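The values are calculated or read from the model by the stated rules, or taken from the named source; none is laboratory data. What you are looking at is a predicted structure, and each value in this text was computed from that prediction instead of being measured. Glycine also receives a Cβ, built like all others from the backbone with ideal geometry; neighbour counts cover every protein chain displayed. What goes into the accessible areas is simple: the full protein's heavy atoms, side chains included, and nothing from ligands, DNA or RNA. Shrake-Rupley method; radii C 1.70, N 1.55, O 1.52, S 1.80 Å.
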Amino acid sequence: MARFVIAVTIITCALITKISCCDVVKLTFPSGFSLGTASASYQVEGAWNVSDKGENVWDYLTHNRPDLITDGRNGDVACDSYYKYQEDADLIKTLGFDFYRFSVSWSRVLPTGFANVISEDGLQYYKNLTAALVANGIEPVVTIYHWDHPQVIEEMGGWTNELIVDWFVAYAEILFEALGDSVKRWITINEPDAFCEGGYDGVSKAPAKEIPNSIGKYLCGHNVLKAHGKTFRLYDEKFRETQGGEVGIVLPLMAYLPYNSSYEAEAETAFQFTCGWMAHPIYHGDYPDIMKTRVALVSEYQGYPRSRLPEFSDEWIAIINGTNDYFGINHYTSKLVYPDSGEEQGIYTYDHGLIVTVDSSWAATASNWFYVNPSGFGYLLRKIRDEYNNPSVWVTENGYSDTGELDDYNRVSYYYEYLREMLIAIKRDGCNVEGYAVWSILDNFEWQAGYTERFGITHVEFDDADTNRTAKISQSWWAKVLSKRKLQAVPTNTAATRTLLPWQK
Ligand SMILES: *[C@@H]1O[C@H](CO)[C@@H](O)[C@H](O)[C@H]1NC(C)=O
Ligand SMILES: *[C@@H]1O[C@H](CO)[C@@H](O)[C@H](O)[C@H]1NC(C)=O
Ligand SMILES: *[C@@H]1O[C@H](CO)[C@@H](O)[C@H](O)[C@H]1NC(C)=O
Ligand SMILES: *[C@@H]1O[C@H](CO)[C@@H](O)[C@H](O)[C@H]1NC(C)=O
Ligand SMILES: *[C@@H]1O[C@H](CO)[C@@H](O)[C@H](O)[C@H]1NC(C)=O
């Protein structure tokens, strides 16, 4: 009897939880919620050598080290969006997106890398694109830097040279002046963790410099924080009053989950080493304590006279602390962490001291780093709510990778599950998420993966000079979601609707 009562109670509670959850979460988007789509200059523009454009680190890498790109290809043409921006804007408008997040190519605007020469054509391209969006009622959201800095600056050390801070601020100022009447949401820098690690601690991203023991990575992150902080202060001093926009940074955040319930502390360490590395200085004034302690410990173990993690002066802390009008996050996937048992024998292999893995039940995608775990998204949003005093959050990228099929049911299912998690985090848990961007409107040049991994809701035919665009199933699903402002059922895959591309047959 007692057992029966307990069972009934459990079932009733489960029902109540379920009902109250679904009652609150109707899977509609809150009023005023902004839905957009995103891209990046090097991934879509092409036109790498038109007019007076300068060479950037991705031009240089793909032309000189094609062996580092899976298919050996490059962004010389990509989606040809330099010429097709009107077509892009029309598509974004037709589908019903509220905003378009694009990035500016530094060496297109400043061919010498510096502010002494401003390319008229380069700047005009971004004015044209912005005007095309505004004319279509689409809000332009601009990323000032999405990984493609001028090669000449890399020849002087790129993000490991502190002088890049002022060069970056001078570049940002030109964009605020030229585009700031129309652009009200700025992203200073996209995903520092990704290019600082891939570019200065490995060879997966430009400039592909493998500097040992994360010395280059930490220095890069340090200069990114200074460049971000100074750019925010510049906006405060010269533009905020007249332009009234918002400035933030975008971080690439995976959800780091404990391998099992014994490892909550390890998950916290992983969070601080990834999100906290950039966000703690911006929201709390300095690197997280656990990072400072652990990097100092492992540096000493390796024989360095001082920690490989640089320190901020009080002046820099004052500049960087409190410089996010909103928190931009790119989210795709989750990881599991547990402690590195080598440390019990006194062997320190990783600064964070963790082994990072995935759950074998999570579905794989076309990208080797990317497994599907929707609940990680909600976990991450609640973590950000708690860690940074529930800031305004803009999800500036979320999406799924496959190999280019038009019948991309897995992508639709991914969007449904991840958006559901986000809506629950907003409505049930009070997370202050105000915008969300689909990555991506088009298939594009996927960095070290070349054209082998596709994230678009629109297929692009890269093997043909016309770079024609073709709708995928996910594109029509998104059009419905956007018109109803509500999640739509995932269509079922039937043989009748299967469309094979020539190279899939
Ligand atoms: C631009 O680069 C392409 C290769 O992507 C090349 O065929 C073309 O000649 C170059 N144009 C100029 C003006 O250098
Ligand atoms: C900008 O638009 C004008 C007017 O349509 C056009 O003549 C010009 O070629 C465009 N420039 C760029 C760089 O897109
Ligand atoms: C977590 O996993 C470790 C290693 O497999 C194991 O020793 C520990 O007992 C597990 N803890 C729990 C709570 O399952
Ligand atoms: C950073 O700014 C916050 C909010 O203004 C303040 O409470 C905190 O003390 C600052 N941190 C440092 C290290 O200055
Ligand atoms: C690309 O689209 C254009 C315009 O619709 C068409 O003329 C052309 O044949 C298409 N190219 C391919 C390879 O399908």
Ranked highest first by average number of other Cβ atoms within 10 Å, how do 174-186, 429-441 line up?
-> 429-441, 174-186
Of all the C-alpha pairs in the stretch 407-493, what % are more than 18 Å from each other?
-> 51 percent
What is the local net charge at Thr467, summed over the other residues whose Cβ is closer than 9 Å to its Cβ (Lys, Arg +1; Asp, Glu -1)?
-> -2
Using R₀ = 41 Å, calculate the FRET efficiency as 1/(1 + (r/R₀)^6) where r is the Cβ-Cβ separation of Lys486 and Ile355; round to 0.05.
-> 0.50
Which order do the peptides 131-137, 216-222 take when ranked by the mean count of other beta-carbon atoms within 10 Å per residue, highest first?
-> 216-222, 131-137
Where the Cα pairs of the stretch 2-504 fall when distances are cut into 10 Å bins, in % = 4, 19, 30, 28, 14, 4, 1, 0, 0
Averaging over all projection directions, find the projected area of the Cα convex hull of the stretch 347-446 and quote it in nm² with one decimal place.
-> 8.7 nm²
Highest first, please rank the peptides 320-333, 337-350 by the mean number of other Cβ atoms sitting within 10 Å of their residues.
-> 320-333, 337-350
Unit charges at the beta carbon, dipole of the stretch 307-462: most positive-side option, Thr365, Phe312, Gly353 | Thr365
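Counting only protein heavy atoms and using a 1.4 Å probe, what share of the accessible area of the chain belongs to carbon plus sulfur, as a whole percent?
Within the chain, the accessible surface is 52 percent carbon and sulfur.
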Work out how much length Ala318 to Asn161 would gain on full extension: take 0.36 nm times their residue separation and subtract the Cα-Cα distance, in nm to one decimal.
-> 54.4 nm
Translational diffusion coefficient (Stokes-Einstein; Kirkwood radius from C-alpha pairs) of the stretch 262-373 at 25 °C, 0.890 mPa s, in µm²/s = 153 µm²/s
Taking the Cα centre of the chain as origin and charging only Cβ (+1 Lys, Arg; -1 Asp, Glu), how large is the dipole, in debye to the nearest 20?
-> 1840 debye
Cross-link partners of Lys383 among lysines (Cα-Cα below 16 Å; sequence separation of 8 or more within a chain) = Lys335, Lys427
Roughly how many Å² is the accessible area per residue of the chain, as a whole number, for a 1.4 Å probe?
-> 40 Å²
Span-like helix ranges in the chain, DSSP H, alpha carbon extent 24 angstrom or more, Kyte mean at least -1.0 = 2-24, 215-234, 409-427
In the structure shown, do any of Lys226/Lys292; Lys84/Lys184; Lys93/Lys480; Lys93/Lys486; Lys93/Lys184; Lys93/Lys484 have a Cα-Cα gap over 21 Å, and if so which?
-> Lys84/Lys184
Once you put a point 7 Å from the Cα of Tyr348 and another 7 Å from the Cα of Val117, both along the Cβ direction, what distance in nm separates them?
-> 4.8 nm
